Amino acid sequence: MTSTEKSVSADSFRHGGGRSMLDRVQHALHTNPSLVPLLVLVVSVLVFGILIGPRFFSPLALTLILQQVAIVGIVGAAQSLVIITAGIDLSVGAIMVLSSVIMGQFTFRYGLPPGLSILCGLSAGALFGAINGLLVSIMRLPPFIVTLGMWQILMAANFLYSRNETIRAQDIAAEAPLLHLFAAKQNIAGTDFTLGTIFMLALVLFLAFVLRHTAWGRHVYAVGDDPGAAELSGVNVRGTLISVYAVAGLICALAGWVMIGRIGSVSPNVGQLTNIESITAVVIGGISLFGGRGSIMGTLFGGLIVGVFTLGLRLLGADAQWTYLMIGVLIIVAVGVDQWIRKVTS
Amino acid sequence: MTQPILQARGLVKRYGHVVAMDGADFDLYPGEILAVIGDNGAGKSSLIKALSGAVRPDAGEIRFQGQPVQFNSTKEAQRAGIETVYQTLAMSPALSITDNMFMGRELRRPGFAGSVLRMLDWGRMRAFAREKLNELGLMTIQNINQPVETLSGGQRQGIAVARAAAFGSRVIILDEPTAALGVKESQRVLDLIAELKARGLSIVLISHNMPHVFEIADRIHIHRLGKRLCTVRPKNCSMPDVVGLMTGALGPESNPAEVVG
Ligand SMILES: Nc1ncnc2c1ncn2[C@@H]1O[C@H](COP(=O)(O)OP(=O)(O)OP(=O)(O)O)[C@@H](O)[C@H]1O
Ligand SMILES: [Mg+2]
């Protein structure tokens, strides 16, 4: 869309001219909700850069931020899909951990080839997600409740099945290096890009494309916006919901694989906060919890904002609690901005 | 007489204790404009939702071109060539006009991009949407990418009508399509309905506007208390008679102009 086309539209639905600056901003955000997090990201990088100096722009700092954001970005992408349908998925972290445990245990306990174990882990993730989707769409249970239950069930299953055992990094490196695939590093200008980070970026771009340029993507938005209207228009609402939750489960399982590369071992004790972190990234990224609006690029920016704050405050020597405090403020501000944007109606 | 293109017998639909349809009958003949009138809550919307696949009746039979059919979704009715403008308009407010026009029947790009990458053909969809809005004289809307929620109620209704007119190939059902429209825009919709009829489509028009009904309907289906009370021809009876029948002030037997079937 060209900028002239945009300005014509802006004038055409507010007759009588005299639009204030604020109206313009509101309208721009309405068409492009990820502008806010992008702006916050740029401003926070600048502020921390000024406060900390060149150390903040060092390749090491970038490496740390990207590593931290890789997992949250991938799980956040799954969470974004679900939240765009006006749902929520509290089980993302549990699916991620249990899938990684399946990949590890199938290899080491049953001696399956790592490739096959990984396939099993990915299928399990998709299956757990599909069960969430079936319960939400066919049984019409609230997503919050379904995934709260699924979170508990999968976490318990995770500890029971793994017998609370960790598979050591050396063993994985020696016997099943495929599980460490996403730890592979590429050094670009002093910054380490792991395959996991690159995968995260590719996944976000791919999903942004799918949401914008395929019928399925448009249906995901329509289902979140007004399921009744979508149904009457001829959209398969149930099928769309089930597929969204299943795809989210699959993405979480992929995050589990990436996580094995990140921490080296397979442990049932990680990812306890991943669900909250992913929701945080989505909300700061400007995706509406009411469904139907927001872009997945926003989630990436949201995750990066959290990463920048975490690292920036740490380099400033501030208490880690300041990070949580700032993120809390950002969440509330983001939801406030969303409410304001949604008021754009004539 | 020719066979009805769309027909229903004894439709029943209950919502708890509320009986929305109580043995409703319906007949629509090829190429005609049938107005359906009735008090608020008479069950008009419920009837057309059953005909368009949006609601599954508890009992009764629907025939399309003489064949018994069961539409399990609006999609199935759409495939049979039945398009509907619902009273609620069925639009996704946050999505654009183009999105809404093509929701559920998006156009894909030709070749590899469409068949393998499943990419939508935004250019073609936008051009089509613009053309259809033009036809309806809705060019106060300039940007086809505008979210529907930024439009006025009348503009939204116009888009819903344009969508149905663009895709319907046999039957078009309109549930109060001019309720939010201005005088000029209402007249445009009435002209469009006449044009659709001229193209050979059959039209069902639900309206509370008696002058409109008398202006364009070939027959008037009077709905009362969940069922069809009778069908009349506007040529043979007056507006006060029709209103009397609709509200129950007159019994159907008192109407000499009744049309059977
Ligand atoms: N989904 C539903 N759930 C419960 N009751 C319903 C539902 N849909 C319709 N009804 C009830 O069925 C009856 C008929 O409603 P319907 O919408 O068909 O009337 P109508 O003739 O279209 O009225 P109006 O002229 O106001 O549009 C009403 O009493 C209504 O409350
Ligand atoms: Mg109605």
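Things to note:
- The residues of the range B:74-94 that are surrounded by fewer than 19 Cβ atoms within 10 Å (Cβ to Cβ) and either at the interface with chain A (Cβ under 8 Å from one of its Cβ atoms) or free of Cβ contacts under 8 Å to residues at least 60 places away in the same chain (or both), listed by number, are B:K75, B:E76, B:R79, B:T88.
- The condition of being assigned to a helix (DSSP H, G or I), closer than 17 Å to A:I65 by Cβ and open to solvent by less than 40 Å² (accessible area, probe 1.4 Å) does not hold for A:G224.
- Meets criteria (within 13 Å of ligand 1 (Cβ to nearest atom), of a type in the set (K, R) and either within 17 Å of the chain's Cα centre (by Cα) or away from every other protein chain (no Cβ under 14 Å) (or both)) for B:K49: yes
- The range A:248-346 holds helices (runs of 4 or more DSSP H) entirely within its bounds, and those carrying 3 or more residues that are crowded, with 17+ Cβ neighbours inside 10 Å, more than 15 Å from the chain's Cα centre (by Cα) and away from chain B (no Cβ under 14 Å) map to A:296-315, A:320-341.
- The residues of the range A:184-204 that are of a type in the set (A, V, I, L, M, F, W, C) and either within 14 Å of chain B (Cβ to nearest Cβ) or touching a strand residue (DSSP E or B) at 6+ places or on another chain (Cβ under 6 Å) (or both) amount to a single one, A:F193.
- Against the conditions (1) without any contact (Cβ under 8 Å) to a residue 24 or more places away in the chain; (2) open to solvent by 50 Å² or more (accessible area, probe 1.4 Å), A:L178 satisfies every one except (1).
- Of all residues making up the range A:40-73, the number that are open to solvent by 60 Å² or more (accessible area, probe 1.4 Å) and at pLDDT 90 or above: 6
- Taken over the range B:35-92, the criterion of being within 16 Å of ligand 2 (Cβ to nearest atom), of a type in the set (A, V, I, L, M) and either touching an Asp or Glu at 6+ places or on another chain (Cβ under 7 Å) or not in a strand (DSSP E or B) (or both) is satisfied by B:A42, B:L47, B:I48, B:A50, B:L51, B:A54, B:V55, B:V85, B:L89, B:A90.
- Scanning the range B:52-72 for residues that are open to solvent by 30 Å² or more (accessible area, probe 1.4 Å) and within 16 Å of ligand 1 (Cβ to nearest atom) turns up B:A54, B:R56, B:P57, B:D58, B:A59, B:G60.
- The range B:199-253 - residue that is without any contact (Cβ under 8 Å) to a residue 12 or more places away in the chain and within 24 Å of B:M21 (Cα to Cα) and, of those, most open to solvent (accessible area, probe 1.4 Å): B:E253
- Beta carbons closer than 7 Å, at least 6 apart along the sequence or on distinct chains, pair a first residue in the range B:155-178 that is at positive phi with a second that is part of a strand (DSSP E or B) for B:E176/B:I206.
The values are calculated or read from the model by the stated rules, or taken from the named source; none is laboratory data. Quick caveat, the model's predicted, so the values are computed rather than measured. Please note: Cβ atoms are built from the backbone with ideal geometry, for glycine as well, and neighbour counts cover all protein chains shown. The area values use the complete protein model at the heavy-atom level, side chains included, leaving out ligands, DNA and RNA. Shrake-Rupley method; radii C 1.70, N 1.55, O 1.52, S 1.80 Å.
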